[in-house]
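To keep things clear, I will list the structure first and then write my remarks on it.
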Amino acid sequence: MVGPYPFPETHDLRQGPDLHPALLGLLPFVGVWRGIGKGGYPTIEDFDYAQEVRFSHDGRPFLAYESRSWLIDPDGKPIRPANREVGFWRPQPDDSVEVLLSNPTGIAEVYVGQIDGLKVELSTDLVARTATAKEVSANHRLYGIVEGQLLYAVDMAAMGHPLTPHLSAKLDRVAG
């Protein structure tokens, strides 16, 4: 032990822990991804955004997830920070997956879905919100690895609208 912390002396931070076998179905998603996306909704103007998504693990049977995004101008220059979300992806033995996400706008979501090769499809099982958060009642997400890129699309039901396309992006792996 080094100091009062529970880190073994032989732990090599560059190498990282071994991947838990339960995560093999999500292995293609592990890494850092960056790219550009488009967003819109009936209640807001269309927008472009840059995004970074991280899927990481610490040897236990779940992935840690973090997404940060920035609104960008037509030249791709950042205007200001946009949404941020963090959470965990928990694969199950039957190739289903449970995903827990929260963001600073006061919304927490629990998704259930299916891992199908390089595709993951998720639907909300629960959406919880604080008293000051906007009304969101459901979300549907589709993630896929296509020709080495992470593509995703999000449909959202909010502010009295049914599930409606909201976000889509194409991200490149920048670290594995």
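None of the figures in this text is laboratory data; all of them are computed from the coordinates on show. Here the structure is a predicted model, which is why all the values come from computation and not from measurement. Counting neighbours? That spans all protein chains shown, and the Cβs are built from the backbone with ideal geometry, glycine included.
In a shell of Cβ-Cβ distance under 15 Å around ALA133, excluding ALA133 itself, what net charge do Lys and Arg (+1) and Asp and Glu (-1) give?
Net charge in that neighbourhood comes out at 0.
Under a plain spin-label model, where a point goes 7 Å from the Cα along Cα-to-Cβ, how far apart in nm are ILE145 and SER123?
2.6 nm
Would you list which lysines come within 29 Å of LYS119, measuring only between C-alpha atoms, while excluding same-chain residues fewer than 8 positions from it?
Hits, sequence-local ones excluded: LYS38, LYS170.
If Lys and Arg each add +1 and Asp and Glu each add -1, what is the summed charge of the other residues whose beta carbon sits under 14 Å from the beta carbon of GLY40?
-3
When the convex hull of the Cα atoms of the range 21-175 is projected onto a plane and the area is averaged over all directions, what value comes out in nm²?
Approximately 9.3 nm², given one-decimal rounding.
Any chance you could check the Cα centroid distance between the range 106-154 and the range 52-86 for me, in angstrom?
14 Å
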